[in-house]
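Beneath this line is the structure, given in structure tokens, with notes to follow.
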Amino acid sequence: MEKNVGHGVRNSVVKQRVNPKRLRDKVCIGCGAGFGGDRPFAALKLLQRVEELNYLVLECLAERTLAERYQEMMSGGDGFDSRISEWMALLLPLAVERGTCIITNMGAVDPIGAQAKVLEVASGLGLQLKVAVAHEVSFAEAGDQGSRILHERSNTAEGGISTYLGAAPIVECLEKYQPDVVITSRVADAALFLGPMVYELGWNWDDLNLLAQGSLAGHLLECGCQLTGGYFMHPGDRYRNISLPCLLDLSLPYAKVSCDGGVCVAKADGSGGVLNSSTCAQQLLYEIGDPAAYVTPDVVIDLRDVTFQPLSNHEVRCLGAKPSARSLPDQLLRLLPKDAGWKGWGEISYGGFECINRAKSAEILVRSWFEEVVPGLNDCIVSYIIGVDSLKATSLVTGSSAYEAVTDIRLRMDGLFELKEHALQFVREFAALYTNGPAGGGGICTGHRKEIYLGKELVGREHVYWKVGAKQSMEMESNDRVACLNDSMRIHAVHGPIAPQITEENDDGDFVFKSDASPAPAGKEILLYKIAHSRAGDKGNDLNFSIIPHCPTDFERLKVIITPVWVKRAVSSLLDASSFPDSDAIVKRDRWVDEHVSVEVYEVRGICSLNVVVRNILNGGVNCSRRIDRHGKTISDLILCQRVVLPPLSSV
């Protein structure tokens, strides 16, 4: 059973808090999830190991998952994260016992539905708790003769619009309801963490330096284990060659933030993984665009002078975030689902002698058959060979001789069409390879689906409304509650890691405190791998990757090499429509790159690194791209496999 607690509606114009009270001198906030597919058991381990956690944030929403939830809801399914029951059943018993508030954006396009689901889970566990919601609402205007009446409407009824909200809705939930769980719609990732800081530490919305430091902490935490050694290990890089046992007990990160803006990020003491200046640097530059003006709804941040000071093998102090010259955005980013057409795709494997040439013949056949039935749409199709060039890292291939040892490949072809019938026809033509294509092809799989993408627009803060409310589960008999809690804790008990627990002696963390990196040799062709490390991410159709030198003195020399022209040349192969482009196709591709692709290279002085943004390169973005790597994550290694010649130190 449930009872209503209350609700309120606001617009997104900044309103100062009235006499905010400092409730703590320091707040401890953990990240329990960095994306929708993260591991619930890792979040439970963090709760168990770090008893001082005041808040646990589950950041599970991205442009891809938001689009998926909208499509699912329009088909009659859930508009909230389908795994919310699994997460809450596992985490709520211990979180309630510890007094740790869970904040999550798993509400997606239906936070009210998510609230009901969490209350249902709580009832099943015998828990009495309060679940708050903070979500965007839309209004339709009505009236006559000068009157103006606003009628609340759901965002789904308005076409699934979703605007990046800031931390204010979360702060209001915490102030009004002191909830056990806060569920949101689309809130900016860093704001999920900033909200409890503002509430607990007595900050106000004009404390811009504090908001900048708090948002820095949120940005570092938001991707979970990417800060603590996940997505970092690389056997080809001796500075990142973390052992497998060290990864088996990876810890999610948490932050300790003080009322004066001091920030320390940490991992559980004695856990695996790595937390050091390098892991922090990669996450700092992840998907930020211009480091002088990283835009969040609450503050525009200048990250160029951020530095990291390791305090131990499990804790790093973070300094130097400050408000940008334009400290507060007047507009917020709104996402609008739009029709992207119909995708059709097919895959087939070839192995053994001349398998690549057979795949090439198969591609030509499918394109020819499709052209016979549906003329003029071959430009809608891209193809690549998994095992050879599916990631388009062509600089690794030195010629036809490089193909001779390849004996196990898979041809994939993707088409994006306006009409469903064209996608279906493409799938039929591909399936015909079984009896009409080259010898030895097998393992065909095909499919088609409706695609949407999220269009973007900026809207004035005064036109973005949000609403808060809360519901509370009814109290159960104390004996029943204790029995349910004990059963839940027994069922969801987490056993120790497979490998022995990591200790300070074997934690692969020697380079936390020291580095033997020396300047790279001058005048000699060398792989960028040997000089720097990198991480790539996406924002819509734009690519963002970092170049972080192992040796800080190489920073000035890399600035001479990593220019917009160099970057365009390195990434242009991403736009090849075929694994076998002829000279005309390459000329056409390069002309398109010159006309439509732009590159921005930014310096980040505090960590002696470069941040690179490539506009209009990701084939439409994650929701409708025909590339096998829709996010562009693998492009960091495409960049690092490039060969460069550094100038002498004395010349820069």
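Quick notes
- Residue satisfying all of: in the stretch 54-95; surrounded by fewer than 24 Cβ atoms within 10 Å (Cβ to Cβ) and of a type in the set (Lys, Arg); nearest to Gly160 (Cα to Cα) among these: Arg64
- Residue that is outside any strand (DSSP E or B) and at pLDDT 60 or above, where the choices are Val482, Val468, Val406, Val459: Val406
- Unique residue being farther than 30 Å from Lys322 by Cβ, β-branched (Val, Ile, Thr) and assigned to a helix (DSSP H, G or I) when the list is Val587, Val644: Val587
- Enumeration of residues in the stretch 14-53 that are among the aromatic types (Phe, Trp, Tyr) and either in a loop (DSSP other than H, G, I, E, B) or surrounded by 15 or more Cβ atoms within 10 Å (Cβ to Cβ) (or both): Phe35
- Strands (runs of 3 or more DSSP E) completely within the stretch 292-360 that count 2 or more residues being surrounded by 21 or more Cβ atoms within 10 Å (Cβ to Cβ) and of a type in the set (Gly, Ala, Ser): 331-351
- Residue check for Gly262: surrounded by 18 or more Cβ atoms within 10 Å (Cβ to Cβ) and either touching a residue at least 24 places away in the same chain (Cβ under 8 Å) or more than 30 Å from Gly195 (Cβ to Cβ) (or both): no
- Given (1) part of a helix (DSSP H, G or I); (2) modelled with pLDDT under 95; (3) buried (at least 20 other Cβ atoms within 10 Å of the Cβ), number of the condition Leu558 does not satisfy: (2)
- Test set (1) more than 21 Å from the chain's Cα centre (by Cα); (2) at pLDDT below 95; (3) over 19 Å from Ser573 (Cβ atoms) - Cys608 fails condition number: (2)
- Residue list for the stretch 517-529, restricted to those being of a type outside the set (Val, Ile, Thr) and either in a loop (DSSP other than H, G, I, E, B) or closer than 12 Å to Leu558 by Cβ (or both): Ala517, Ser518, Pro519, Ala520, Pro521, Ala522, Gly523, Lys524, Leu528
For (1) under 28 Å from Leu284 (Cβ atoms); (2) in contact with a Gly (Cβ under 9 Å, 6 or more places away or on another chain); (3) at pLDDT below 85, each residue gets a yes or a no:
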site: Gly496; (1), (2), (3): no, no, yes
site: Val512; (1), (2), (3): yes, no, yes
site: Ser518; (1), (2), (3): yes, no, no
site: Lys530; (1), (2), (3): yes, no, no
site: Ala536; (1), (2), (3): yes, yes, no
site: Asn544; (1), (2), (3): yes, yes, no
site: Lys568; (1), (2), (3): yes, no, no
site: Asp576; (1), (2), (3): no, no, no
site: Ser579; (1), (2), (3): no, no, no
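- Which listed residue is modelled with pLDDT under 95, surrounded by fewer than 23 Cβ atoms within 10 Å (Cβ to Cβ) and in contact with a strand residue (DSSP E or B) (Cβ under 8 Å, 6 or more places away or on another chain), from Gly143, Gly160: Gly143
- Search result, residues across the stretch 416-455 that are basic (Lys, Arg) and either assigned by TED's automatic domain parsing to the domain that holds Val137 or more than 27 Å from the chain's Cα centre (by Cα) (or both): Lys420, Arg428
- Yes/no for Ala577 being hydrophobic (A, V, I, L, M, F, W, C) and either surrounded by 18 or more Cβ atoms within 10 Å (Cβ to Cβ) or in a loop (DSSP other than H, G, I, E, B) (or both): yes
- Residue check, Val9 touching a Lys or Arg at 6+ places or on another chain (Cβ under 6 Å), surrounded by fewer than 15 Cβ atoms within 10 Å (Cβ to Cβ) and over 18 Å from Tyr177 (Cβ atoms): no
- Residue within the stretch 271-283 that is in a loop (DSSP other than H, G, I, E, B) and over 23 Å from Tyr239 (Cα atoms) present: no
The values are calculated or read from the model by the stated rules, or taken from the named source; none is laboratory data. These numbers were taken from a predicted model, which means no experiment stands behind them. For neighbour counting, all protein chains shown are included, and Cβ atoms are generated from backbone atoms with ideal geometry for every residue, glycine included.
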